[in-house]
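Take a look at the structure below.
The values are calculated or read from the model by the stated rules, or taken from the named source; none is laboratory data. Treat the numbers as computed from the prediction; the structure is a model and nothing was measured. Glycine gets a Cβ as well: all are built from the backbone with ideal geometry, and neighbour counts include every protein chain shown. Surface areas here come from the heavy atoms of the whole protein model, side chains and all, with no ligands, DNA or RNA. Shrake-Rupley method; radii C 1.70, N 1.55, O 1.52, S 1.80 Å.
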Amino acid sequence: MMQYDKYIGKMIQLTYSDLDGELVCVVGHILYTLKNRAFVFETAEEGRQLIVYNRHVLDIKEVSTPPAFTAPEIAPDNFA
């Protein structure tokens, strides 16, 4: 089993250092791993996908699922 396979699909809080050396803390889930070197991570708030290298991971822990995103009401189409 790969190092981060057990977190696939689970909501996690990930702390890692980006390529500029800055610390980043974000909530989301791992979509899949890339061999034993990196994984594809999707953020919960923006739905943005990024590749995180294993060597940059500082902390990873499971968190409870955040409340569902509620989209603002859609304005009616008065021009139809």
Counting only residues in segment 33-67 that are polar (S, T, N, Q) and open to solvent by 100 Å² or more (accessible area, probe 1.4 Å), the one nearest to the chain's Cα centre (by Cα) is identified as Gln49
Listed by first then second residue, the pairs whose first member lies in segment 9-20 and is touching a residue at least 24 places away in the same chain (Cβ under 8 Å) and more than 14 Å from Leu31 (Cα to Cα), whose partner is of a type in the set (A, V, I, L, M) and surrounded by 15 or more Cβ atoms within 10 Å (Cβ to Cβ), with beta carbons under 7 Å and at least 6 positions apart or on separate chains, are Tyr16/Val52; Tyr16/Val57
Original post:
Within segment 69-80, is there a residue that is modelled with pLDDT under 95, out of contact with any helix residue (DSSP H, G or I) (no Cβ under 6 Å at 6 or more places or on another chain) and assigned to a strand (DSSP E or B)?
Top reply: no
Within segment 10-32, residues part of a loop (DSSP other than H, G, I, E, B), open to solvent by less than 60 Å² (accessible area, probe 1.4 Å) and farther than 17 Å from Arg55 by Cβ come out as Met11
